[in-house]
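Q: This is the structure, below, for whatever I ask next.
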Amino acid sequence: MIALGVVVTLVGAVFGAAFAFQRKLIYLPEGGPPPGAAVVLPGGRDVTLTTSDGLSLASWYFPVAGAKVAVLVAPGNAGNRVYRAPMARALTARGLSVLLLEYRGYGGNPGEPSEDGLKLDIRAAHDFLAREAGAPLVYFGESLGSAVVTELAVERPPSALVLRSPFVDLASVGRLRYPFLPVRWLLRDEFPTRDDVARVQAPVTVVYGAADSIVPAQQSREVARAAGARTVEVPGAEHNDPAFSDGPELIDAIADAIR
């Protein structure tokens, strides 16, 4: 009985710690503040997005005069907007305006990230870009950001939706990393990409790496099937390969999304 009690105590401690600190494992922000947008790309603007719960989020906007499309970029769970600058350069070179959203808690922004919080952040970004761009909007989401823009697309349909390395839902990814935990029971944030994308009334493109060990290609293909999406597989690509920064497969998929 003593041994059983020790085991139960240890298991309870592990589960309790996993529940309490899970968002520290999910969201991996890099501090800031980053440099000014114009330093990164001439003509870039430092902008402030105001969320409905009162946060002011520093982000970058790269407008292109006469752009026929504007791209709303929802990043993944790590780093900050500096890491998405090569994508902005490549897309503006194609004549597209780009808004790089910086979530709460990232890049020197106030607040703590959560699923509900990111929903408010992406809506603030959408409101800004809809006012400023004067052009059809393409939503682009990277990994966790795919879930964020997909949920937005259900409520506020874009002209096109492009998802890079989307997962079925957060629990499906978590089980791969922590197979010894009842992940679905413990998670506070769900991000049900596959369920949401089935309700999107816009053309969808899914881009994924064939060798992705973080979000297996099978999960991205499941999301694509649920959406009836066009797929772009990047042979040999891992989750964070340069191909998903400014590689031609990704940039072509975004630039051609509406077409």
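Q: Restricting attention to region 207-217, which residues are of a type outside the set (A, V, I, L, M, F, W, C) and either buried (at least 17 other Cβ atoms within 10 Å of the Cβ) or in a strand (DSSP E or B) (or both)? Spell out how you get there, then give the answer.
A: Of region 207-217, the ones of a type outside the set (A, V, I, L, M, F, W, C) are 208-209, 212-213, 216.
Within region 207-217, 208, 209, 212, 216 qualify.
Q: Going by what's in this entry, would residue 199 be described as open to solvent by 60 Å² or more (accessible area, probe 1.4 Å) and within 28 Å of residue 58 (Cα to Cα)?
A: The answer is no for residue 199.
Q: Answer yes or no as to whether residue 237 is buried (at least 16 other Cβ atoms within 10 Å of the Cβ), out of contact with any Ser or Thr (no Cβ under 6 Å at 6 or more places or on another chain), in contact (Cβ under 8 Å) with a residue 24 or more places away in the chain and farther than 19 Å from residue 76 by Cα. Please lay out each step first, then the result.
A: On the way: buried (at least 16 other Cβ atoms within 10 Å of the Cβ): yes; out of contact with any Ser or Thr (no Cβ under 6 Å at 6 or more places or on another chain): yes; in contact (Cβ under 8 Å) with a residue 24 or more places away in the chain: yes; farther than 19 Å from residue 76 by Cα: no.
No, not satisfied.
Q: Could you please give the count of residues in region 240-259 that are surrounded by fewer than 22 Cβ atoms within 10 Å (Cβ to Cβ) and part of a loop (DSSP other than H, G, I, E, B)?
A: Final tally of qualifying residues: 7.
Q: Here's a follow-up. Can you pull out every residue in region 125-143 that is open to solvent by 10 Å² or more (accessible area, probe 1.4 Å) and aliphatic (A, V, I, L, M)?
A: Answer for region 125-143, where residues must be open to solvent by 10 Å² or more (accessible area, probe 1.4 Å) and aliphatic (A, V, I, L, M): 130, 133, 135, 137.
Q: If a residue counts only when it is without any contact (Cβ under 8 Å) to a residue 60 or more places away in the chain and either out of contact with any strand residue (DSSP E or B) (no Cβ under 8 Å at 6 or more places or on another chain) or open to solvent by 20 Å² or more (accessible area, probe 1.4 Å) (or both), which strands (runs of 3 or more DSSP E) contained entirely in region 38-98 have at least 3 such residues?
A: Answer list for region 38-98: 45-50.
Q: While we're here: Sort out which residues of region 22-49 are among the hydrophobic types (A, V, I, L, M, F, W, C) and touching a Gly at 6+ places or on another chain (Cβ under 7 Å), and write them in order of number. Write out each step before concluding.
A: Residues of region 22-49 among the hydrophobic types (A, V, I, L, M, F, W, C): 25-26, 28, 37-41, 47, 49.
Within region 22-49, 37, 38 meet the criteria.
Q: Residue 204 versus (1) within 20 Å of residue 155 (Cβ to Cβ); (2) open to solvent by 20 Å² or more (accessible area, probe 1.4 Å): which is the lone unmet condition?
A: Among (1) within 20 Å of residue 155 (Cβ to Cβ); (2) open to solvent by 20 Å² or more (accessible area, probe 1.4 Å), the lone unmet condition for residue 204 is (2).
Q: So residue 154 passes all but one of these: (1) open to solvent by 20 Å² or more (accessible area, probe 1.4 Å); (2) in contact with a strand residue (DSSP E or B) (Cβ under 6 Å, 6 or more places away or on another chain); (3) aliphatic (A, V, I, L, M). Which condition number does it fail?
A: Unmet for residue 154, out of (1) open to solvent by 20 Å² or more (accessible area, probe 1.4 Å); (2) in contact with a strand residue (DSSP E or B) (Cβ under 6 Å, 6 or more places away or on another chain); (3) aliphatic (A, V, I, L, M): (2).
Q: Let me ask you something else. Can you name the residue in region 218-233 that is under 13 Å from residue 173 (Cβ atoms) and either without any contact (Cβ under 8 Å) to a residue 12 or more places away in the chain or small (Gly, Ala, Ser) (or both) and, of all such residues, is most open to solvent (accessible area, probe 1.4 Å)?
A: 218
Q: Let me ask something else. Anything in region 128-153 that is in contact (Cβ under 8 Å) with a residue 60 or more places away in the chain and among the acidic types (Asp, Glu)? List them, or say none.
A: 132, 142
Q: Would it be correct to say that residue 112 is open to solvent by 20 Å² or more (accessible area, probe 1.4 Å) and either in a loop (DSSP other than H, G, I, E, B) or modelled with pLDDT under 95 (or both)?
A: yes
Q: To continue, here is another question. Which one is surrounded by the fewest Cβ atoms within 10 Å (Cβ to Cβ) among residues in region 171-192 that are within 29 Å of residue 252 (Cβ to Cβ) and modelled with pLDDT of 95 or more?
A: Within region 171-192, the match that is surrounded by the fewest Cβ atoms within 10 Å (Cβ to Cβ) is 192.
The values are calculated or read from the model by the stated rules, or taken from the named source; none is laboratory data. Small disclaimer: the values here were computed from a predicted structure and weren't measured. Every residue, glycine as well, gets a Cβ built from its backbone with ideal geometry; the counts of neighbours run over all protein chains shown. Just the protein is used for accessible areas: all its heavy atoms, side chains included, with ligands, DNA and RNA removed. Shrake-Rupley method; radii C 1.70, N 1.55, O 1.52, S 1.80 Å.
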